[in-house]
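The values are calculated or read from the model by the stated rules, or taken from the named source; none is laboratory data. Quantities reported herein were computed from a predicted structural model and do not represent experimental measurements. Because the Cβ atoms are built from the backbone with ideal geometry, glycine has one as well, and the counts that use them run over all protein chains shown. All accessible areas refer to the heavy atoms of the entire protein, side chains included, with ligands and DNA or RNA removed. Shrake-Rupley method; radii C 1.70, N 1.55, O 1.52, S 1.80 Å.
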Amino acid sequence: MNLLCVGISHHTAPLDVRERLWFSSEETRRTLPLLRSLGTGECVLFSTCNRTEVYVLTENNIVPSEEIKKILIAQKSAQGKVQPSDLFTLTAGEAARHLFRVSAGIDSMVLGDVQILAQVKEGFSLANELGTAGFFMNRLFQLAFRAGKRARTETEIGDGAVSVSYAAVELAEKIFDDLQKKAALVIGAGETADLTATHLRGKEIGKLLITNRTQERAEQLAAKVQGVVIPFENWFDTLLEVDILISSVEVNRYVLTASDIQRILKHRGNKTLFVVDIGVPRNIDPEIKNIENVFLYDLDNLHLMVEENLQKRQTEIPKVEAIITEILAELTHWYSSLEVNPTITALTQFMENIRREELAKNINRFDPKDRELVELVTKRIINKIVHAPIVNLKSGKEISLGDRLQKMSAIQKLFGLTGPHKEDSDAE
């Protein structure tokens with residue numbers, strides 16, 4: 001299999017190196033034609049915060065890996081800052097297996113990453129748009145998308161929160177049956193508060209309130225998550241109506257004490273209040289966990305939850321690897337079946353089987369002394385019928401490998417030489 005992968009990731013280089021090889025969509029558009037000019041038949045490039053990878057279909061087993069590295073580094077003006085040794089090279093089946101592992105989320109920095117599949121799809125779509133992804137890459141990436149989809153539907157590799165912000169929202173889901181009927185207040189507008197508010201909106205929280213000491217930042221976050229800004233001096237009053245309180249601000253004293261909660265509970269009835277303290281230092285008085293109908297979780301609780309979920313995901317890796325091995329075997333079989341000699345053999349055998357079947361049905365109509373001649377003549381007819389297709393299949397060095405593979409596939413489909421391939425709709 002003439003497949004080559006060249007890339008950089010968190011496995012091979014630190015962040016300050018790999019971020020220099022991050023490619024935007026426009027940079028990818030400029031780079032793909034340059035990679036194609038190396039004589040590669042087809043190529044796809046995708047870039048994320050933790051990796052940049054190029055997949056190419058090479059001609060005649062020529063592996064232009066060093067040239068590809070030079071182009072990537074030059075396109076980002078990273079000479080002297082990124083070394084060719086910072087990038088890895090994989091070929092043939094190992095390159096395909098790597099792509100499948102990436103798409104399934106088991107090669108990510110965050111095990112079971114659910115975003116990586118969309119990023120791989122984006123890279124393939126761009127290559128498809130530019131015409132650098134042809135027959136082979138289409139098949140390869142459709143199988144990669146299937147690997148990613150099956151990993152998420154047939155295993156639990158993506159289950160459970162593996163970030164503090166998402167763990168907070170996941171806990172809220174466990175306490176309340178329907179977040180669409182609940183109201184949440186997020187205190188803070190920093191990165192963690194931003195992520196938590198985003199996750200809450202993703203879970204279709206009924207009402208989302210945002211407060212922050214800097215009003216402008218609260219307004220920016222509220223606009224992003226379709227929330228309502230509450231002036232910082234008034235946020236305590238909202239505790240009468242909210243079900244979820246999440247605090248992530250830098251303070252030197254508690255923003256909410258046990259006595260504050262006791263005072264507000266007199267007017268809340270028996271409504272449950274779910275409180276998450278993800279501030280450092282702690283924002284919420286830990287004593288409130290002893291108050292009835294109040295559930296308090298802090299960073300220690302959330303980190304423990306994240307660690308347990310990561311351990312659960314680790315146990316799912318063998319299941320994902322089994323799926324990948326199965327899909328890789330399908331790719332290998334498909335690729336091997338498209339080689340010239342197996343296709344010629346299959347075409348010749350197909351014609352010969354028809355000849356024998358028809359001859360067996362009608363041989364008794366011929367005089368016994370003519371039957372040997374009939375055998376000879378029908379064989380010659382078959383040989384002449386397949387002669388031109390065989391010559392055309394053996395020639396074609398002037399066209400790309402991807403086009404030759406497509407020609408083999410067309411012949412096989414036309415004559416039904418192989419079983420039908422599973423149609424891939426996983427890119428949808």
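Charge tally around Gly190: other residues with Cβ under 10 Å, Lys/Arg +1 each, Asp/Glu -1 each, net -2. Projecting the Cα atoms of Val275, Asn293, Ser165 onto the charge dipole of segment 164-305 (Cβ charges, centred on the Cα centre) puts Asn293 farthest toward the positive pole. Centre-to-centre, using Cα atoms only, segment 8-70 and segment 139-190 are separated by 30 Å. Peptides 92-103, 14-25, ordered by how many other C-beta atoms sit within 10 Å of their residues on average, highest first, read 92-103, 14-25.
Just want the answer: with Cβ charges of +1 for Lys and Arg and -1 for Asp and Glu, which residue in Val54, Leu34, Ser103 is farthest toward the dipole's positive end in segment 2-154? Toward the positive end, the furthest listed residue is Ser103.
Which of the peptides 192-199, 213-220 is most tightly packed, and how do the rest follow, going by the mean number of other Cβ atoms within 10 Å of each residue? Please list the in-between numbers first.
Values: 192-199: 22.0, 213-220: 14.9.
Sorting 192-199, 213-220 by mean packing, highest first, produces 192-199, 213-220.
For Asn392 and Glu156, a Förster radius of 45 Å and the Cβ-Cβ distance give a FRET efficiency of 0.35, rounded to the nearest 0.05. Rg ratio for segment 164-305: its Cα radius of gyration over 2.2 N^0.38 Å, N being its residue count, equals 0.93. For the chain, a crude dipole built from +1 on the beta carbon of Lys and Arg and -1 on the beta carbon of Asp and Glu, taken about the Cα centre, is about 1460 debye to the nearest 20.
For the chain, the solvent-accessible area works out to 50 Å² per residue, with a probe of 1.4 Å and every protein chain left in place. Using only the alpha-carbon atoms, how far is helix 299-337 inclined from the longest principal axis of the chain? Give it as 0 to 90 degrees, nearest 10. Taking Cα atoms only, the helix is inclined about 10 degrees. For segment 92-155, the alpha-carbon radius of gyration amounts to 1.09 times the rule-of-thumb value 2.2 N^0.38 Å expected for a compact globular protein.
Here Lys121 is the anchor, and the aspartates and glutamates within straight C-alpha reach of less than 19 Å, apart from those fewer than 8 places off in the same chain, are Glu26, Glu27, Glu42, Glu53, Asp107, Asp113, Glu129, Glu423, Asp424, Asp426, Glu428. The antiparallel fraction among DSSP beta bridges confined to segment 159-289 stands at about 0%.
The calculated FRET efficiency for the pair Ser24 and Lys369, based on their C-beta separation and a Förster distance of 60 Å, comes to about 0.15. Remark: segment 165-253 carries a charge dipole of roughly 40 debye about the Cα centre, counting +1 on each Lys and Arg Cβ and -1 on each Asp and Glu Cβ. Ignoring any ligand, DNA or RNA, what whole percent of the accessible area of the chain comes from carbon and sulfur when the probe is 1.4 angstrom? Answer for the chain is 50 percent, counting heavy atoms of protein chains only.
Shape class for segment 178-241: oblate, because the ratio a/c of the largest to smallest gyration tensor axis (alpha-carbon atoms, square roots of eigenvalues) is 1.5 or more and b/c is at least a/b. Using unit Cβ charges (K, R positive; D, E negative) and no other charged atoms, how large, in debye to the nearest 20, is the dipole of segment 94-236 about its Cα centre? Computed charge dipole of segment 94-236: roughly 320 debye.
Divide by every residue of the chain the summed helix terms, -39500 (n - 2.57) for each DSSP H run of at least 4, and state the resulting mean residue ellipticity at 222 nm, rounded to the nearest 500 deg cm²/dmol. Counting only the DSSP helices, I get -17000 deg cm²/dmol.
Of all beta bridges DSSP finds with both residues in the chain, what is the antiparallel percent, to the nearest 5? Looking only at bridges with both residues in the chain, the antiparallel portion is about 45 percent. Counting only residues at least eight positions apart within a chain, or on another chain, the lysines with an alpha carbon under 19 Å from that of Lys384 are Lys394.
The three principal axes of the Cα atoms in segment 285-381 give end-to-end lengths of 107, 28, 16 Å, sorted in falling order.
Dividing the mean sequence gap of close Cα pairs (under 8 Å, 6+ apart) by how many residues the chain holds gives a relative contact order of 15 percent. Expressed as a whole percent, the proportion of Cα-Cα pairs in the chain lying more than 36 Å apart is 48%.
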